[in-house]
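K.L.:
First the structure, then my questions, so here it is.
Each reported figure results from applying straightforward, stated rules to the coordinates on display, with no laboratory input. Because the structure is predicted, anything quoted here is derived from the model rather than measured. We place every Cβ from the backbone using ideal geometry, glycine too, and count neighbours over all the protein chains shown.
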Amino acid sequence: MVPEVSATRRPSTTGLRRFLDLQPQRDWMHGKTILRDADERSESLELRLRYVARFEKLLTRPQAQEVLEILRRYGSDCIPIPRRTERHYWSVSCLPSTPGKALVRVNASWMELFSLYADGEGIRALFVVHLSDFTTDHSSDQGQVDEAFLERCVMTPEDVGYFFPRGEDIFGIKVRGFSSIGKFLAAHRALQAIRAFNLTHMNRGRNAYQASHCYSLADHMLSGPMKSSSEIDLC
């Protein structure tokens, strides 16, 4: 049975817990349920118009179709109740002006969750996750990174790399190429880790990047169907 999203907002709670109890969140993280989202999206017409020119500029890039396809997958598989929480608890930026020259970036609270960059005429991705989800002993020990697992989640070992951003239990994973990014998103353990990190930061409160939300990109993120559990690779 699909759990109902709580219709009553509880002022004493923050983040997703205003709409969704912790157990359904955990069930979604583990791929045990599909959450019922809102049928309609709230929208700011002013904000939509503000980033139309950037979106049109992105569409002229050779990477545009790959970017939009990966965003569809990320939106459907990695963000809980995305229509109900759009902009206020997560956002997507188009050609953000922050350092790094990302093509798109997804944020929640004060944290970057996911970015896509140009790599020649292809793309590369940056996933920010909990380090403890990618170590052999589930600790935050940087010397225990499960490199063998990371390499199984991409097409070739050369397609994956990692680094340690500042912050406790934070891990950055770099994946190169459309096919490898898709394979990484389909790996059960990797997808669960992405969902866990996103839940952590969406539960911290309102999104600090609401003003940079690009509705045109979000249209694509919210257009894809949710993947069934039978389609997830048990990597």
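K.L.:
Among the trypsin sites (Lys or Arg not before Pro) within the range 15-61, which fall in a DSSP loop and have no more than 13 other Cβ atoms within 10 Å of their own Cβ?
P.N.:
For trypsin sites (Lys or Arg not before Pro) across the range 15-61 that sit outside H, G, I, E and B with at most 13 neighbouring Cβ atoms in 10 Å, the list reads Lys32.
K.L.:
Percent relative contact order of the chain, based on C-alpha pairs within less than 8 angstrom and at least six residues apart?
P.N.:
Numbers: 422 pairs, mean separation 62.6, N = 235.
This gives 27 percent for the chain.
K.L.:
Of Ser212, Ser42, Ser93, which has the largest mean-square fluctuation in a 10 Å C-alpha GNM of the chain?
P.N.:
With Cα springs under 10 Å in the chain, the top fluctuation among Ser212, Ser42, Ser93 is at Ser42.
K.L.:
Mind listing which trypsin sites (Lys or Arg not before Pro) in the range 166-211 are in a DSSP loop and have 11 or fewer other Cβ atoms within 10 Å?
P.N.:
Arg166
K.L.:
Quick one: putting +1 on the C-beta of Lys and Arg, -1 on the C-beta of Asp and Glu, what dipole do you get for the chain around its Cα centre, in Debye to the nearest 20?
P.N.:
That gives a dipole near 820 debye.
K.L.:
Taking GluC sites (Glu not before Pro) as candidate sites, keep only those in a DSSP loop with at most 16 other Cβ atoms within 10 Å, then name the longest stretch of the chain containing none of them.
P.N.:
Answer from the scan: 44-120.
K.L.:
Next up: Going 7 Å from the Cα of Ala38 in the Cα-to-Cβ direction, what parts of the range 85-112 have a backbone nitrogen less than 13 Å from that spot?
P.N.:
Counting backbone N atoms under 13 Å from the label point, the list is 85-90.
K.L.:
Still on this structure, please answer the following. Among Leu16, His88, Gly167, whose Cα sits farthest toward the positive end of the charge dipole of the chain (+1 at Cβ of Lys/Arg, -1 at Cβ of Asp/Glu, about the Cα centre)?
P.N.:
Positive-end residue among those listed: His88.
K.L.:
GNM, the chain, Cα, under 10 Å: largest mean-square fluctuation among Pro165, Pro80, Pro62?
P.N.:
Pro165
K.L.:
Looking at the square roots a ≥ b ≥ c of the eigenvalues of the Cα gyration tensor of the range 86-127, which shape do they give, rounded for a/c under 1.5, prolate if a/b is larger than b/c, or oblate?
P.N.:
prolate
K.L.:
Which trypsin sites (Lys or Arg not before Pro) in the range 70-126 sit in a loop by DSSP (not H, G, I, E or B) and have at most 14 other Cβ atoms within 10 Å of their own Cβ?
P.N.:
Qualifying residues, ordered by number: Lys101.
K.L.:
Once the cut-off is 18 Å, how many percent of the Cα-Cα pairs in the range 99-190 end up in the long-distance tail?
P.N.:
43
K.L.:
Moving on to the next point. Return the single residue from Val52, Val67, Val128 with maximal mean-square fluctuation; model: Gaussian network over the chain, springs between Cα atoms under 10 Å.
P.N.:
Val52
K.L.:
Putting +1 on Lys and Arg Cβ atoms and -1 on Asp and Glu Cβ atoms, find which of Cys78, Ser42, Met29 reaches farthest to the positive end of the dipole of the range 1-130.
P.N.:
Ser42
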